[in-house]
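Q: Please read through the structure below; I'll follow up with questions.
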Amino acid sequence: MRLIPLIALQVILVMVHGLQAQSPEALKAAYDAKHVFALRDAVAHSSAPRLYKGAVDASANRVQTATKELQAVIQHDPHSDEAYEAHDLLGNLYFRNGMYREGYGEIVAALRESPNASDAKSMLSIFTALNELPKMSVVEMKPTSMAIEPGSLSLPFQANGKDLKFFFDTGAAISIMGESEAKELGILAKPVEGKMNDSSGRGVSGLRVALVSDLRIGGLHLRNVPFLVIADSGEPWTHAPKNERGIIGLPLLIAMRTFRWTPEGRFEFGLPAGKPDINTCNMLFHNSSPVVDVLVEGMHLDFTLDTGAVDTDLNPPFAKALPDLMKSGQPEERALEGLGGKVVNASLLLPSVTFAFGGKSLALSPAHVFTEHGNGAWAPGNLGMDLLRQARAFTVDFEAMTLRLE
C-alpha cells in the first residue's frame, strides 16, 4: 500500500465514534492511517464502498469473502487507484496464508497499474521466487499438545525427517532458517534480490529462498514449505544451539488455526476455535502483521502482536496519541534490535504504563517510548513477550481472530 502521512489517532477515533462515523471521510481516514479497528467500526456503521468492506474482510483473514469483494472492485474499474489497492490487499492476504502463487499474480497486476509503487516493487522479487516453488499444502492437521522447555517459545518439529527446534514468531511473515540449518538439510537456496524488513529498520539482505518438502509439527503435516534463508553468523543466532537457528512464521501458525502457550512449558494447537464475530474480535491483520486492540489511558490503540519480540516497543505514534502521559517521561536513548542489527534511538522513560487487552490489564514498569523511528512507522506499539509472559497463558485464535489472556 502506498505510504501516506500518519493522521493523528485522536482525530480518527473522534470521526469513527462520533457523529461522522458513517461519513466517507471517516472511512478514508481510518483506511489511510492503517487503523484497522477504526475502519472495521466505520464500515459496520455505514454503507461503505466495496474497497473498504473488502479491506475489513482481508484484515479479518476471511479469504473467500475478501477475494470476492476485492475482485469486484478490480472488475468494476480495473485501472483505478481502488483497483491497485485491492490488488495490494489481496497480495498481502495471500502471502500471510502461504498462497504464494495467488499473491504473485496480485503483485504483478498491481505493478502493471502502478509500475513505480515502492511497496509492490519491494515484494516482487520474493514473490517471484516463491511462485516458482511447488504449492504449499496442508496434508493433515490434528489437535496437538506438546511439552516444551518452560519459558521457551521453541517448538520441536521435523523438516525432511530431521529434528529441529525453531521459535514461533507472530511477527514473521514467512518462516526463516539460518544458512547452517539449510546446509544440514541439504536443500538448495535460491538468491533473492532486495531486503527483508526487520524491527531495527536496517533490513536484512543476502536473502535466499529454500523449500522444505516435508514438515511435521506434532499433528500438523505440510508439504512444500518455503523458508527464507539468511546468514546465521551474527545475532540473534550467535548463541543459538545447532538445529535451533530458525523461526516458525505466520503461514505455519495460521495453519494451526488456534494455538495456546503457557510459560510452564506447554504448547497446544488445533484447539476448538471461538465463534467468529468480525464486529467484536480484538485481533485483525494489517498486511502480514497481527494487530491487537489495546486500551491505554482510555484510548484504543492498534498494537502489532510479535511473539518474537522480547520487549514491548512503544513508538512515536504512541507519544503523539498520549501527550499528557509523556509529560512524566525522562529522556534517554534505547537500542532497538532486529535481524538486521542494532540501532539506538531517542526515547522517553516512563515510570509505568498499564495496557488492557485480551481480557487482562498488564503493566510495564518502567516503560520506554521511542520518540524517533521505533519498531514500525505506523503502529503505536508492538506487543512483546515481556507483557505476554505476565499472563498464565495466552491463546491466539486465527478463526475467531482473537487474542485471549488467562
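The values are calculated or read from the model by the stated rules, or taken from the named source; none is laboratory data. Just so it is clear, the structure is predicted and the values come from calculations on it, not from any experiment. For neighbour counting, all protein chains shown are included, and Cβ atoms are generated from backbone atoms with ideal geometry for every residue, glycine included.
Q: Identify, please: which residue in the stretch 279-298 is out of contact with any helix residue (DSSP H, G or I) (no Cβ under 7 Å at 6 or more places or on another chain) and part of a loop (DSSP other than H, G, I, E, B) and is, among those, surrounded by the fewest Cβ atoms within 10 Å (Cβ to Cβ)?
A: Within the stretch 279-298, the match that is surrounded by the fewest Cβ atoms within 10 Å (Cβ to Cβ) is 298.
Q: I'm trying to understand the selection: among the residues of the stretch 247-278, which are part of a strand (DSSP E or B) and either of a type in the set (Val, Ile, Thr) or at positive phi (or both)?
A: Result: 247, 248, 258, 262.
Q: Yes or no: residue 287 on the phi > 0 side of the Ramachandran plot, at pLDDT below 95 and either in the same structural domain as residue 152 (by TED's automatic domain parsing) or not aromatic (Phe, Trp, Tyr) (or both)? Can you show your working first?
A: Numbers: on the phi > 0 side of the Ramachandran plot: yes; at pLDDT below 95: yes; either in the same structural domain as residue 152 (by TED's automatic domain parsing) or not aromatic (Phe, Trp, Tyr) (or both): yes.
So residue 287 fits the description; yes.
Q: When the stretch 20-33 is examined, which residues are found to be out of contact with any helix residue (DSSP H, G or I) (no Cβ under 6 Å at 6 or more places or on another chain) and either outside the structural domain of residue 67 (by TED's automatic domain parsing) or assigned to a helix (DSSP H, G or I) (or both)?
A: If the condition is that a residue be out of contact with any helix residue (DSSP H, G or I) (no Cβ under 6 Å at 6 or more places or on another chain) and either outside the structural domain of residue 67 (by TED's automatic domain parsing) or assigned to a helix (DSSP H, G or I) (or both), then 24, 25, 28, 32 are the ones that fit.
Q: Please pick out the residue among 266, 257 that is under 22 Å from residue 156 (Cα atoms), surrounded by fewer than 19 Cβ atoms within 10 Å (Cβ to Cβ) and of a type in the set (D, E, K, R).
A: Just one listed residue meets the conditions, 266.
Q: Right, here's the next one. Go through (1) buried (at least 22 other Cβ atoms within 10 Å of the Cβ); (2) modelled with pLDDT of 90 or more; (3) more than 26 Å from residue 271 (Cα to Cα); (4) more than 19 Å from the chain's Cα centre (by Cα) one by one and return the number of the condition residue 228 breaks.
A: Only one criterion is unmet by residue 228, namely (4).
Q: Here's something else I'd like to know. Test residue 276 against the stated conditions and say whether it is within 30 Å of residue 216 (Cβ to Cβ) and either among the β-branched types (Val, Ile, Thr) or in contact with a strand residue (DSSP E or B) (Cβ under 8 Å, 6 or more places away or on another chain) (or both).
A: no
Q: To continue, here is another question. Looking at 93, 70, 89, can you tell me which residue is under 16 Å from residue 28 (Cα atoms) and part of a helix (DSSP H, G or I)?
A: Selected residue: 89, the only one of 93, 70, 89 that is under 16 Å from residue 28 (Cα atoms) and part of a helix (DSSP H, G or I).
Q: Could you tell me which numbered condition residue 157 fails, if it satisfies all but one of (1) loosely packed, with under 13 Cβ neighbours inside 10 Å; (2) at pLDDT 95 or above?
A: Of the numbered conditions (1) loosely packed, with under 13 Cβ neighbours inside 10 Å; (2) at pLDDT 95 or above, the odd one out for residue 157 is (1).
Q: Is one or more of the residues making up the stretch 86-101 surrounded by fewer than 18 Cβ atoms within 10 Å (Cβ to Cβ), aliphatic (A, V, I, L, M) and farther than 23 Å from residue 48 by Cβ?
A: Scanning the stretch 86-101 turns up no residue that is surrounded by fewer than 18 Cβ atoms within 10 Å (Cβ to Cβ), aliphatic (A, V, I, L, M) and farther than 23 Å from residue 48 by Cβ.
Q: If you don't mind, another one. Among (1) farther than 29 Å from residue 251 by Cβ; (2) surrounded by 20 or more Cβ atoms within 10 Å (Cβ to Cβ); (3) modelled with pLDDT of 90 or more, where does residue 76 come up short?
A: Here residue 76 clears every test but (2).
Q: Considering only residues that are over 16 Å from residue 276 (Cβ atoms) and either surrounded by fewer than 23 Cβ atoms within 10 Å (Cβ to Cβ) or not hydrophobic (A, V, I, L, M, F, W, C) (or both), which ones fall in the stretch 54-73?
A: 54, 67, 68, 69, 71, 72
Q: Residues that are free of Cβ contacts under 8 Å to residues at least 12 places away in the same chain and not hydrophobic (A, V, I, L, M, F, W, C): find the strands (runs of 3 or more DSSP E) completely inside the stretch 345-405 holding 1 or more of those.
A: Of the strands (runs of 3 or more DSSP E) lying wholly inside the stretch 345-405, those with at least 1 residues that are free of Cβ contacts under 8 Å to residues at least 12 places away in the same chain and not hydrophobic (A, V, I, L, M, F, W, C) span 360-364.
Q: Quick check: anything in the stretch 134-146 in contact with a helix residue (DSSP H, G or I) (Cβ under 6 Å, 6 or more places away or on another chain), part of a strand (DSSP E or B) and either among the small types (Gly, Ala, Ser) or touching a residue at least 40 places away in the same chain (Cβ under 8 Å) (or both)?
A: Yes, some residue in the stretch 134-146 is in contact with a helix residue (DSSP H, G or I) (Cβ under 6 Å, 6 or more places away or on another chain), part of a strand (DSSP E or B) and either among the small types (Gly, Ala, Ser) or touching a residue at least 40 places away in the same chain (Cβ under 8 Å) (or both).
Q: Starting from residues that are buried (at least 18 other Cβ atoms within 10 Å of the Cβ) and not aromatic (Phe, Trp, Tyr), keep the ones in the stretch 125-147 and report whichever is modelled with the lowest pLDDT.
A: For the stretch 125-147, the residue satisfying everything is 126.
Q: Scan the stretch 34-52 residue by residue and report those that are surrounded by fewer than 22 Cβ atoms within 10 Å (Cβ to Cβ) and not in a loop (DSSP other than H, G, I, E, B).
A: 41, 44, 50
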